[in-house]
Amino acid sequence: MKKIFLFSLAVLLINCNNLTSSKDKLNTLIEVYQNYEGNNRDEFPLGDYRESRFKKYAVFCDSIKTELETIDVKSLGEDDQISHELLHFKLKETSVKYNFKTHWNPILSDAGFHSSLTYRVRPITSKKTALKYLSLLKAIPTYIDQQKELISKGLEAGIGQPLVIFEGYESTYDQHITPTVEENFYYSPFLNLPEPISEREKDSLRKAAKEVILKSVIPSFMKVKSFFEDTYYPNTRTAIGVSTSPNGKEYYQSRIDFYTTLEMTPESIHKKGLEEVARIKKQMEAIIQEVKFKGSFSEFLRYLRTDPKFYAKTPDELLAHARNIAKKLDEQLPRYFKTLPRKPYGVAPVPDAIAPKYTSGRYVGTSPDSTDPGYYWVNTYDLPSRPLYAIPSLTAHEAVPGHHLQGALNSELPETIPQFRRNLYLSAYGEGWGLYTEYLANEMGIYTTPYEHFGKLTYEMWRACRLVVDTGIHVFGWTREEAVDFMSKNTALSLHEVNTEIDRYISWPGQALSYKIGELKIRELREKAENELGSLFDIREFHEVILEKGTVTLPLLEKRIIHYIQSKKNK
């Protein structure tokens, strides 16, 4: 197999060198990259997580990147230049991640190799989808064994996650070790099989599902439990900053490079975060005066966190409120956007199996050819930590005009755009857009009370605090207590949410920087366009330019907006 792989690479290099057109060479490299078969889905339905597969893919990407760097970019048209830059960015990230062995650490505070399997649980719509789902369940033992082998290497190399993030983590595996099959989350799709499947086939499918869950799924999660509690927790690191791990400082800088797509230092990001915290806090204090609250800033936050009127009494009430805000946002979309996605979205609760350690809400997309909608998940666990006044901001960010609108449009780009771009997600762009849409929702008239405006500001403050806290933890030696204290003093987030967020930043270095950095760049570009175009500025056109080429790096986005401004002036 190795000889065949090396021979294929050699053929690729020869073929590329024989091409005279930069465009042809780029298209060839993109095609080869997109057609790479890294996983044998017949043998490994959940993916191949052997070390040899990661090494093989890293070598492949390095070879593509080397060839890509020989192309004369200036001779390409705009779409091809974007494809060239994005492919190079993506290939470089593959090399960086392999060199830092990130595949040895597939664990986050609110996610992990084992809990990510819950995303595979979808309603069964036919006998075909039922059989496919059964094959995934049967693959779980191999998948778990492969992941355990990689994670063990990470432990030996000192790049595991810090112990402090694992408080309550047992919920991510204990819930799947059920006394009966019928109670198991992975059996739930078989409870309501669709009518086209005959009763005899339903019985057969349920019997097969019970057998695989009893013999494969539950024992696999028992293995996960034993691995974490007997091997991982006693041997993982105690320091929370990634800079304390081997090559940690270099790794953190690589995360800044990737998650911001800009050339920035931890020091400059920390400083920018403190400036934003100070700016936003003045606006928050103005609202406290507006509502005539008699007390300090911290007393107002305590009031927001404890007064029952700010919280739903039932999960259904919280979901109904989120759906109401979502529909109000839906009706505003044509006024702000020229192109809207075809794919609809639903509003649903975060699955119970992952809710305790999960964030307040998240968008879960689907492929364009899927019959499933996208989903805006709302966390209904621990209702006293889910304030109603924050729902407008959360909904704008996760549903529309945030992640659903952007993500669905990205996947629905025309076929002239390479497939890898239609599947691409970069946090600086995607999360920057999500945070920008919280700001945009104000123009849409979504925030109707001073408390909802405060909710918008506390969400913005939350992302500003991330710049301070993330760099504080991973570069400046902050303790977890210092990070929790900074976040709780400056935002109205519940203490439960503050704690889950801090654990997330500890376990996922650099990702939290992308939101505010991306939003600041988009707002900066909008201000530039408004100032230079004056009465010629059209908000729908501006958003079209932001979204029409799909996910891009922030430097590419800036280049596009500058070109838009100039072309508009020249008309």
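Quick notes on this structure:
- Count of region 287-301 residues which are loosely packed, with under 13 Cβ neighbours inside 10 Å and assigned to a helix (DSSP H, G or I): 4
- From the list HIS84, HIS103, HIS88, the one residue that fits, being closer than 23 Å to GLY510 by Cβ and either crowded, with 19+ Cβ neighbours inside 10 Å or charged (D, E, K, R) (or both), is HIS103.
Let's see how each residue does on (1) farther than 22 Å from GLY365 by Cβ; (2) in contact with a helix residue (DSSP H, G or I) (Cβ under 6 Å, 6 or more places away or on another chain):
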site	(1), (2)
ASP110	no, yes
SER116	no, no
ALA130	yes, yes
LEU136	no, yes
ILE144	yes, yes
ILE151	yes, no
LEU155	yes, yes
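- Filtered by the rule that a residue be closer than 19 Å to LEU424 by Cα and of a type in the set (A, V, I, L, M, F, W, C), region 61-103 gives CYS61, ILE64, LEU68, ILE82, LEU86, LEU87, PHE89, LEU91, VAL96.
- SER95 vs. criteria within 29 Å of THR416 (Cα to Cα), in contact (Cβ under 8 Å) with a residue 60 or more places away in the chain and not assigned by TED's automatic domain parsing to the domain that holds ASP372: no
- Qualifying residue in region 542-559 (condition: more than 24 Å from the chain's Cα centre (by Cα), modelled with pLDDT of 95 or more, in a helix (DSSP H, G or I) and not assigned by TED's automatic domain parsing to the domain that holds VAL469): yes
- Residue-level check: of (1) out of contact with any helix residue (DSSP H, G or I) (no Cβ under 7 Å at 6 or more places or on another chain); (2) surrounded by 21 or more Cβ atoms within 10 Å (Cβ to Cβ), LEU467 misses just (1).
- Tally of residues being among the acidic types (Asp, Glu) and in contact (Cβ under 8 Å) with a residue 24 or more places away in the chain across region 183-202: 1
- Among the conditions (1) within 24 Å of SER171 (Cα to Cα); (2) in contact with a helix residue (DSSP H, G or I) (Cβ under 7 Å, 6 or more places away or on another chain), HIS321 misses just one, which is (1).
- One residue from VAL164, VAL121 being more than 27 Å from GLU195 (Cα to Cα) and of a type outside the set (Phe, Trp, Tyr): VAL164
- Condition check for GLY472: part of a loop (DSSP other than H, G, I, E, B) and over 20 Å from the mean Cα position of the chain (by Cα): no
- Total residues in region 221-247, condition free of Cβ contacts under 8 Å to residues at least 60 places away in the same chain and closer than 25 Å to PHE89 by Cα: 0
- Only one of the numbered conditions (1) touching an Asp or Glu at 6+ places or on another chain (Cβ under 6 Å); (2) closer than 24 Å to PRO356 by Cα; (3) among the hydrophobic types (A, V, I, L, M, F, W, C) is violated by ALA464, and that is (2).
- Answer from LYS97, LYS127 - the residue that is more than 24 Å from the chain's Cα centre (by Cα) and either closer than 25 Å to ARG41 by Cα or at pLDDT below 95 (or both): LYS127
- Of the strands (runs of 3 or more DSSP E) lying entirely inside region 337-455, those containing at least 2 residues that are within 20 Å of the chain's Cα centre (by Cα) and within 30 Å of ARG279 (Cβ to Cβ) are 361-364, 374-378.
- Restricting region 475-505 to residues that are surrounded by fewer than 23 Cβ atoms within 10 Å (Cβ to Cβ) and among the aromatic types (Phe, Trp, Tyr), the residue that is nearest to ALA464 (Cα to Cα): PHE486
- Count - residues of region 233-253 that are touching a Gly at 6+ places or on another chain (Cβ under 7 Å) and farther than 20 Å from TRP478 by Cβ: 1
Yes/no matrix, rows are residues, columns are (1) in contact with a Leu (Cβ under 7 Å, 6 or more places away or on another chain); (2) closer than 14 Å to ALA390 by Cβ; (3) touching a residue at least 12 places away in the same chain (Cβ under 8 Å):
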{"position": "ARG422", "(1), (2), (3)": "yes, no, yes"}
{"position": "SER427", "(1), (2), (3)": "no, no, yes"}
{"position": "GLY432", "(1), (2), (3)": "no, no, yes"}
{"position": "LEU440", "(1), (2), (3)": "no, no, yes"}
{"position": "ILE446", "(1), (2), (3)": "yes, yes, yes"}
{"position": "TYR451", "(1), (2), (3)": "no, yes, yes"}
{"position": "LYS456", "(1), (2), (3)": "no, yes, yes"}
{"position": "ARG463", "(1), (2), (3)": "yes, yes, yes"}
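- LEU457 vs. criteria modelled with pLDDT of 95 or more, under 18 Å from SER298 (Cβ atoms) and in the same structural domain as LEU274 (by TED's automatic domain parsing): yes
- Considering only residues in region 235-283 that are of a type in the set (S, T, N, Q) and more than 17 Å from GLY510 (Cβ to Cβ), the one that is surrounded by the fewest Cβ atoms within 10 Å (Cβ to Cβ) turns out to be THR238.
The values are calculated or read from the model by the stated rules, or taken from the named source; none is laboratory data. These numbers were taken from a predicted model, which means no experiment stands behind them. Quick reminder, even Gly has a Cβ in these numbers, built from the backbone with ideal geometry, and neighbours come from all protein chains shown.
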